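Please treat every number below as a calculation from the coordinates, not as lab data. The shown structure was predicted, so the numbers you read here are calculated from the model rather than taken from an experiment. Note: ideal-geometry Cβ built from the backbone for every residue, glycine included; neighbour counts use all protein chains shown.
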Amino acid sequence: MAVDATSSATNASAYAASTDTGRTVKKALGQEDFFELLATQLANQDPLSPMENTEYIAQMASFSTLESMSSLASSFSAFSAQQGFMTMQSVLGREVTVQDGDNTVSGIATAVHVTDGTTQVTIDGTDYPAMNILRVEVAG
């Protein structure tokens, strides 16, 4: 029995919207979810026309690739944040000008830190987002 993927997804969405099962909706599927779907697929296939092994292997390879890409994206994001923090340390002890709303503020950068995932630079005891830096000069 052939099932159109688009209509199945639409029907599943409509069914989920029309029934309250108390389930929580996940934004991402994990390996456990894949194996659960695979087991369901095996249990519900037509015994006279079973799915080919190559189809299972292709599905598993696709899932493995997707999981690897997700892991790589997370790793790259963490690396990028760390690299940005390390780069911002070069402003310490320098005269820094930042945009603060409609004003600009200048002073010696005395600290660099991360708060809520945002790199901050401290000038005269006040923290400013590092992305608001307009100019960095040698203090003197």
| note | Note on the range 110-128: residues free of Cβ contacts under 8 Å to residues at least 24 places away in the same chain and in a strand (DSSP E or B) are 110, 111, 113, 115, 118, 120, 122, 126, 127
| query | If you take the residues of the range 114-140 that are touching an Asp or Glu at 6+ places or on another chain (Cβ under 8 Å) and closer than 20 Å to residue 81 by Cα, which of them is surrounded by the fewest Cβ atoms within 10 Å (Cβ to Cβ)? | reply | 115
| query | Just checking, which of 85, 79 is surrounded by 14 or more Cβ atoms within 10 Å (Cβ to Cβ), assigned to a helix (DSSP H, G or I) and among the hydrophobic types (A, V, I, L, M, F, W, C)? | reply | 85
